[in-house]
Every structure is written in structure tokens, then in C-alpha cells.
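Below: one structure, written as C-alpha cells.
The values are calculated or read from the model by the stated rules, or taken from the named source; none is laboratory data. Just so we're clear, the structure is a prediction, and the values are computed from it rather than from any experiment. Every residue, glycine among them, receives a Cβ derived from its backbone with ideal geometry; neighbour counts consider all protein chains shown. Surface accessibility is based on the protein's heavy atoms, side chains included, excluding ligands, DNA and RNA. Shrake-Rupley method; radii C 1.70, N 1.55, O 1.52, S 1.80 Å.
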Amino acid sequence: MRFLTAGESHGPVLVAIVEGLPSGLPLTPEDINPWLKKRQEGYGRGRRMVIEADEVEFLSGVRAGRTTGAPLTLAIRNRDYRNWVEIMDPAPGNEPRKRALTAARPGHADLAGGIKYGHKDLRDVLERASARETATRVAVGAVALKLLSFFGVEGVGYVAGMAGVWSRVPFSWELKDRLEASPVRMLDPEAEAEVIRRVDQAKAEGDTLGGVIEARFRGLVAGLGSHVHWDRKLDGRLAQMALSIPAVKGVEIGEAFQNAMKRGSEVHDPIYWEEGRGFYRRTNRAGGLEGGMTNGEELVIRAALKPIATLMKPLPTVDVVTHEAKDAALERSDTTAVPAASVILMALSAIVLAQAYLEKFGGDTLEELVERVERYKERVRAW
């Protein structure tokens, strides 16, 4: 399964084309729209989330509520485009355009992208570099989650800590509803209250906040990915996808950074076996991956999200046209997008896992895939 996305933050539409899905997968907009909504939620979001109410349209690949096996085209229209028609007009002329951006924002793609592609109006960079692009990838991730559900796989994304505050309540699948009710997607009510206070303070001071997000998946079979080549190692593929999320600067599987400071005897998860259960672990410090492959335990992925680069009290920069010292450009933005990013991490990780299932089990129809996965599970239990 492969996919491409296209579209700009203030363009008319965001589009994704997904190729390689099996036929017969039940799929309606309601399998995708709730995830798009979650991506827009979270305490600290800006006014753009009020303007947009993301909903997906199927332009190809679905008929009578089922995938056909043909390329799936997903579209999300930008409601704010009506205010940007003249600025984003693809026709030549009318330059310099209104809302031209020449004061590069530190921490953003503005300057490096302008140098690389020769743009002096840095809007040509920021429109595609914007995190708005992740809406299409969350839509693709929602399709992946639907596919994974037929294999008995479930995913969740949440915030481990943000704004300098860590949740002290360990994750439990039984507490998942608490996450959905939390405006910052945290399990710890006390931490949640302090985070909200700090977000309010940062907003009042024109600043932004980052955090650490986590995605978990249960029900995965052992053996997804491979040890035989670097580009087939699943941890590497998951890390690459996570690092492609705007503002993500670090990734770990399981307790990687803590484990790095311990002895091996304190880190590696002993293996046990029981009749009817097969192989299992009593700990999961490896985060469900060993040697580039899933080991049957819960998959745990963490990512570090830096504070958003657009500050309402901007940092010093240089105008790329005049080379004069200036304050960085202002764009409508969030105080923090950490809660939403946890949903994005989960959705994008689901894409990698769906790809791994399709690579391992093949099949042109959903029925074939489900049969092959179930046979494999039986073989693993017997083995």
C-alpha cells in the first residue's frame, strides 16, 4: 500500500491517493471523519480549527460502501479558501501577492525551503510545510485503522507529558474513555489541570508549548517487518513516519531513552511460554519490537514535539528580500498542538502497520487477507 498527498494549507482542497488497498473493505466517511475531528481538537488550538470542520469525500475507489481495489482518492476541502482565492490563485500575475511572507520564522521551513526552491515569497514554502497537510495523512491513517480492525488490531494516541508536566497515571486500555474526555488527552486529572493553566499562561505571553506524545497498538501478530535489510526494519519505518510529523524532533520505541542508561539485565524482557497462549513477556520494555520486527507484545511509540515555531511575540529574523533585521512573520497558529499530534502519531503509525500486514500476507480481497492472518495466528500458537 502506497499513498501520496497534495494540497496547500490555504488552497482549495487537500487530496490523498491510496493505492494497494484490498477490495471489499467496508468504508464510509464516518470511518474517517471522527478521526479528522480528533485531529482538530485539543486545548490550545487556534482559530483555524473553528473555521474548518474537516470532512472527507471519496472521489474514487469506493462503491456501495466498499473499496473496489482501485486507487482510493480522498479529498478534504478547505473552507477558509474563500478568503484566500486571490492570494492562492494559480494564474500568473498580480505579484507581489497579498500576504507575501519575507520575514522567515526561526524553527520553521521558511528559510531553508526558500533557499532550496528559490522562493523570495516564503508563502510558497509554508503553504505546503504547514501541519495542515497532516489532515490528509490522518484520513489515510483512518482507512489503515479500519483495515487493521479486521485483523484484531486496535490503536490509541495520547499525551504522556506537555508544557513541562508529566502524567503520573500509567496507561491502561480500560482508561481509554478518559483520554477521549480530556481536552489535552491525558489520563492524569491533576496534570491536565496544570497543563491547561500553563497553556493559558503561554497564550497570554505570546508563546508556544511542546510535549511528548505516545501511540500504542494491541493485537499485532509477531513477525511484521524484517531483520534481513535495513529498509524493512519496522522500527526504522515507524520512526521515519513519526519524524515526518511537523515539529517532531525525537522518537523512541518503548522505554528507549531510559533503557540506554541501564544494564542489559534491567532492560531486556524475559521470554515465557504457556500451553494455549504460546510465547509471551511479563514486561514490555522493548515496546513490542525486537530486531526490526513485532514480537507479539503491545507496540509503544513515543515522539517529542517541539513548541510551534510561529510565536505571537516573534523572534528576531532577517527579511529575505531586503536583508534587513525584522521580527519573524506572524501567521494564524496554535499555542500548542500536542494533543492533536498524538492522534496524528497514532494514525500515521497505523499506515506503516497496515503496509506491513499487506506485505506479509498479500491478497487482493479483504476476505483473503483475513483468512491468511487467521491461519498465521493458528500456526504461531502451535509453534
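Structure notes:
- Cα gyration tensor shape for the range 115-168, rounded if a/c is under 1.5, else prolate or oblate: oblate
- Cross-link partners for Lys37 among the lysines, with Cα-Cα distance under 28 Å and sequence neighbours closer than 8 places in the same chain left out: Lys146, Lys176, Lys203, Lys249, Lys306.
- Three principal axis lengths of the range 226-383 [C-alpha, angstrom, descending]: 71, 46, 29
- The charge dipole of the chain, taken about the Cα centre with unit charges on the Cβ atoms of Lys, Arg (+1) and Asp, Glu (-1), comes to about 280 debye, rounded to the nearest 20.
- Compared with the rule-of-thumb size 2.2 N^0.38 Å for a compact globular protein, the range 2-382 has a Cα radius of gyration ratio of 1.05.
- Using a Gaussian network model of the chain in which every pair of alpha carbons under 10 angstrom is joined by a spring, one finds that among Gly211, Gly296, Gly225 the greatest mean-square fluctuation is at Gly296.
- Extension gain, Glu368 to Trp273, is 31.2 nm, computed as 0.36 nm per intervening residue step minus the present C-alpha separation.
- Net +/- balance of residues flanking Val221 in space, Cβ distance below 9 Å, scoring K and R +1, D and E -1: +2
- Within the accessible area of the chain (1.4 Å probe), percent carbon and sulfur: 53 percent
- Solvent exposure of the range 2-382, expressed per residue, is 48 Å² of accessible area, with all protein chains present and a 1.4 angstrom probe.
- Principal-axis tilt of helix 134-149 within the chain, Cα atoms, nearest 10 degrees: 10 degrees
- The chain: most fluctuating residue of Ala303, Ala247, Ala109 per GNM, C-alpha cutoff 10 Å: Ala109
- Site pair Phe257 and Lys313 shows an inter-label distance of 2.6 nm when each label is modelled 7 Å from Cα along Cα→Cβ.
- Positive dipole terminus of the chain, leading residue within Gly363, Val320, Met241 (C-beta point charges): Val320
- Most mobile listed residue (Ile344, Ile196, Ile76) in the chain, GNM with C-alpha springs under 10 Å: Ile196
- Additional length obtainable on full extension of the chain from Asn284 to Val380, 0.36 nm per residue less Cα span: 32.6 nm
- Taking label points 7 Å from Cα along the Cα-to-Cβ direction, Trp230 and Arg2 give a separation of 2.1 nm.
- Residues Arg263, Arg66 ordered from highest to lowest accessible area at a 1.4 Å probe: Arg263, Arg66.
- Computed extension gain for Ser265 through Arg66, at 0.36 nm per residue and net of the alpha carbon distance, reaches 66.7 nm.
- The mean sequence distance of close C-alpha pairs (under 8 Å, at least 6 residues apart), as a share of the length of the chain, puts its relative contact order at 23 percent.
- On Cα atoms only, tilt of 234-243 relative to the major axis of the chain in degrees: 20 degrees
- In nm, spacing of pseudo-spin labels at Arg332 and Thr28 (7 Å Cα→C-beta vector): 3.2 nm
- A Förster radius of 41 Å combined with the Cβ-Cβ distance from Lys98 to Gln201 puts the calculated FRET efficiency at roughly 0.75.
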